[in-house]
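Below is one structure, written out as structure tokens, with a few remarks after it.
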Amino acid sequence: MKVERMTEIETNDIHVGDRIRVGHYTATCQEITSIAAIFLLDQYITGKGCLREALQSEEVLNDFADIRNYMVPFEDGDMLKIPYGCGWDNSEIARFRPIFLISLKKEDIVNPQILDESERQYLGVVIRPFRDQVRSITKNPKMNAKGEYIVIDIGFQLENRHKFFMFFPDFKSNTMYKGMELGKEYTLEELGL
């Protein structure tokens, strides 16, 4: 039996078929170009009057607030387009599914990911049983040796008031968790966990 299983992950590595959340809508990647990923909204939006003006209105663009920092305009400056042609003047209410561009350039992405996909998956599995108790995750330098290690602050245990930490094995400096700054405490949210 073939099963298509969808999981939600935090990543900037976009592929054709990937789906993202856009306000209370979803959109699916249709094509990858050299500068952007082209997404098509999965649900219809309704508008009235000139379709091009409706697509560029703040009322419609407010639905894209969560991803606005990742969007890049088309050549004519429009943020949204209808894939099958130009807008038209119409006094009737129209239903449409616009396309939009998501930048693939790292310098255009406002919040780059700190962990790569394998690091995120590994840490996600490790912390799953006690996720609600994790206070922070830190990358520290090894004392008196070249290397680094990860430590997870699990917080206080109420019964005995001891603070608990989980220490990971050492690794060579700057070979893993490269996006993390040494000594900085990261929340699960900052790491996309």
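Points to keep in mind about this one:
- All positions within the range 168-193 that are hydroxyl-bearing (S, T, Y) and either closer than 15 Å to A145 by Cα or assigned to a loop (DSSP other than H, G, I, E, B) (or both): S173, T175, Y177, T187
- Residue in the range 25-48 that is at pLDDT below 70, surrounded by 13 or more Cβ atoms within 10 Å (Cβ to Cβ) and either more than 15 Å from the chain's Cα centre (by Cα) or not assigned by TED's automatic domain parsing to the domain that holds D76 (or both) present: yes
- Residue list for the range 69-100, filter: modelled with pLDDT of 80 or more and either among the charged types (D, E, K, R) or not assigned by TED's automatic domain parsing to the domain that holds L40 (or both): E75, D76, D78, K81
The values are calculated or read from the model by the stated rules, or taken from the named source; none is laboratory data. Just so it is clear, the model here is predicted, and its values are computed rather than measured. Cβ coordinates were reconstructed from backbone atoms using ideal geometry, including for glycine residues, and neighbour counts include every protein chain displayed.
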